[in-house]
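The values are calculated or read from the model by the stated rules, or taken from the named source; none is laboratory data. The shown structure was predicted, so the numbers you read here are calculated from the model rather than taken from an experiment. Here the Cβ positions follow ideal geometry from the backbone for every residue, glycine too, while neighbour counts run over all protein chains shown. Side chains are part of the model used for accessible areas, which takes the heavy atoms of the whole protein and leaves out ligands, DNA and RNA. Shrake-Rupley method; radii C 1.70, N 1.55, O 1.52, S 1.80 Å.
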Amino acid sequence: MMLRRGFILFLPRLVGLLVVACCLVSIVYMLACTPKGDNQQLALPRVHSPTAKEGYEAILQEREEQHSNYIISLKKQIAQLKAELQGRSKQLKNTQDQYPDPLDIRLDHSNPEKAQANLLAFLRSQIDKAEVHSGVKLSTEYAAVPFESFTLQKVYQLETGLTRHPEEKPVRKDKRDELIEVIELAAGSLNSPEGDGNLKHRVYTASDFVEGIYRTEKDKGTLYELTFKGDTKHQFRKIVLFRPFGPVMKVKNENVNMADTLINIIVPLAKRASKFRQFMQNFREMGIQQDGRIHLTVVYFGKEQMNEVKLILENTSKSANFKNFTFIQLNEEFSRGKGLDVGARFWKGNNVVLFFCDVDIYFTAEFLNSCRLNTQPGKKVFYPVLFSQYNPSIIYGHHDSIPPLEQQLIIKKETGFWRDFGFGMTCQYRSDFINIGGFDLDIKGWGGEDVHLYRKYLHSNLIVIRTPVRGLFHLWHEKQCLDELTPEQYKMCMQSKAMNEASHGQLGMLVFKQEIETHLHRQKLSSKKT
């Protein structure tokens with residue numbers, strides 16, 4: 001692409017150069033044809049001189065020869081410029097043929113040899129474009145793409161999030177298979193040395209692998225540098241491999257009409273009437289007023305605060321003229337999985353998108369569209385990673401300085417984190433939920449049921465879409481971990497509680513608050529003395 005653009009930009013310059021050259025030649029020609037001044041003018045014979053006629057003929061012949069020579073010179077220069085232009089054009093064409101534009105690479109089955117040659121040329125060009133043989137100038141220190149290191153058993157990574165560790169075994173099958181393949185290819189390459197085939201060479205195996213580093217430039221490919229043991233203690237064999245990324249290929253182009261796609265938001269609830277009032281304010285604005293293709297199912301456990309919750313629902317129904325809601329009451333102990341399962345199976349209409357939601361969630365109308373676009377019956381389910389809000393009283397310092405809720409919902413590392421360990425908020429078609437077997441109803445209380453359902457989908461043939469979304473927030477609330485929880489559930493609850501309060505920097509400021517105040521006090525006394 002860059003070569004093509006360079007050629008397009010260079011061609012007008014060549015044409016301009018040709019025009020300028022022609023103009024210069026014309027100017028020289030005009031100057032040469034201009035009569036000379038008195039001091040330089042050739043002496044003309046007198047009119048009555050017997051040699052006047054012959055003199056004029058000689059002068060005219062001389063001028064004609066000069067003009068003829070200038071014309072010949074001009075034609076030569078034009079021919080040279082044309083030849084140079086053709087040479088440059090041919091050179092650029094050869095370069096383009098050697099490094100084809102990725103958009104021009106097509107899997108032309110009528111000419112498979114040409115398609116394969118173009119693809120191989122493109123893949124080779126990726127090595128030249130990547131930072132393999134030499135470095136590139138970067139604007140800032142943040143533009144550098146860091147390497148990650150690995151051994152036979154462990155990967156050492158920088159981007160850990162909240163579920164990955166700085167040092168861990170490769171859990172994902174694709175990453176594990178990738179590193180094993182690279183080590184085996186490197187060992188195979190070392191066992192096929194170039195040169196005399198009669199010489200005996202050491203046979204390398206995976207046990208000789210010491211360590212490796214790798215990094216991925218997402219538009220070019222992945223670079224691997226692997227180190228193996230050498231013949232002696234202080235000798236090593238190093239091999240560099242590169243996995244080039246191919247050109248972008250179109251897979252699908254389709255129109256998606258979501259005008260009639262209804263979402264049934266299912267919320268399990270017990271008590272927490274004040275939180276439900278806040279939830280309904282968000283639901284009314286985003287779900288009813290902006291989206292309008294929505295149904296609400298509330299599954300309520302017990303009777304405490306039930307009338308208050310029903311009144312909130314009825315007031316919203318009257319004020320917004322909203323009738324698409326269902327209230328289900330269960331006289332039993334709260335179980336999130338049971339509430340969602342009952343709400344999903346209670347629906348008797350056509351196949352519908354289910355959004356499993358909690359009362360402390362804030363969503364936007366854009367998220368509801370993402371929920372629709374990332375689900376497909378029998379094919380795809382959607383597991384968004386929501387942004388979890390830190391404790392506002394810690395973020396903003398004092399209760400009187402806390403801004404309105406809408407102004408708090410900013411995605412920054414100081415205000416919250418991607419809740420990549422949570423799988424509770426999910427969108428799927430009802431048919432997929434029923435076919436997968438629903439929730440494990442033996443799980444009681446808080447936690448565990450969402451992970452169990454997530455694993456069911458992972459073990460199926462459905463595509464699981466897992467991605468951070470900008471329109472789904474978990475609002476901060478003080479978390480209570482009950483004694484009735486199992487040890488595993490209680491541990492999960494406490495981990496969630498610890499991560500939910502503030503960032504590492506903010507928590508550090510709280511831990512060292514006394515030291516900071518002492519330092520400030522000393523500084524104040526010192527300034528008074530001076």
Exercise for review: Could you please state how large a percent of the accessible area of segment 263-478 is carbon and sulfur, counting protein chains only and using a 1.4 Å probe?
Suggested key: 49
Point to revise | Å² per residue, accessible surface of segment 436-484 at 1.4 Å | key: 58
Check your understanding: With Cβ to Cβ distances under 12 Å as the rule, what net charge do the other residues near Gln480 carry (K, R +1; D, E -1)?
Key -> +1
Revision key, fill the gap. For Lys76 the rounded accessible area (nearest 10 Å², probe 1.4 Å, non-protein molecules ignored) is 130
Review point. With each label point set 7 Å from Cα along the Cα-Cβ vector, what nm distance links Phe147 and Lys379?
Key: 4.2
Check your understanding: R0 = 45 Å: FRET efficiency of Gln80 with Ile59, Cβ-based, nearest 0.05?
Key -> 0.90
**Study point:** Whole-Hz ³J(HN,Hα) from phi, Karplus 6.51 cos²θ - 1.76 cosθ + 1.60, for segment 476-492, glycine and proline x
**Key:** 5, 8, 5, 9, 10, 9, 6, 5, 6, 5, 5, x, 5, 5, 5, 5, 4
**Study point:** Contact order normalised by residue count of segment 263-478, Cα under 8 Å, 6+ apart, percent
**Key:** 27
Check your understanding: What accessible surface, in Å², does a 1.4 Å probe find on His201, ignoring ligands, DNA and RNA and rounding to the nearest 10?
Key -> 100
Review point. Using the beta-carbon distance between Lys412 and Glu113 and R0 = 60 Å, what value does 1/(1 + (r/R0)^6) give for FRET efficiency, to the nearest 0.05?
Key: 0.65
Practice item. Heads up, I need the accessible area for Ser68: 1.4 angstrom probe, whole protein in place, Å², nearest 10. Key: 50
Check your understanding: Ordering His521, His67 by how much accessible area each has at a 1.4 Å probe, largest first, what is the list?
Key -> His521, His67
Check your understanding: Can you put Asp219, Asp341 in order of accessible area, largest first, using a 1.4 Å probe?
Key -> Asp219, Asp341
Check your understanding: Over segment 401-530, what relative contact order in percent results from Cα pairs under 8 Å that are six or more residues apart?
Key -> 26
Study note, to complete from the structure: Sorted by chain and number, the residues with a modelled amide H under 5 Å from that of Trp476, at a separation of 5 or more or across chains, are Gln389
Review point. Taking the mean number of other Cβ atoms within 10 Å as a proxy for protection, how do you rank 409-418, 384-393, 253-262, 483-492 from highest to lowest?
Key: 384-393, 409-418, 483-492, 253-262
Point to revise | Full-stretch length increase - Val511, Ser527 - with 0.36 nm per residue and alpha-carbon distance subtracted | key: 3.1 nm
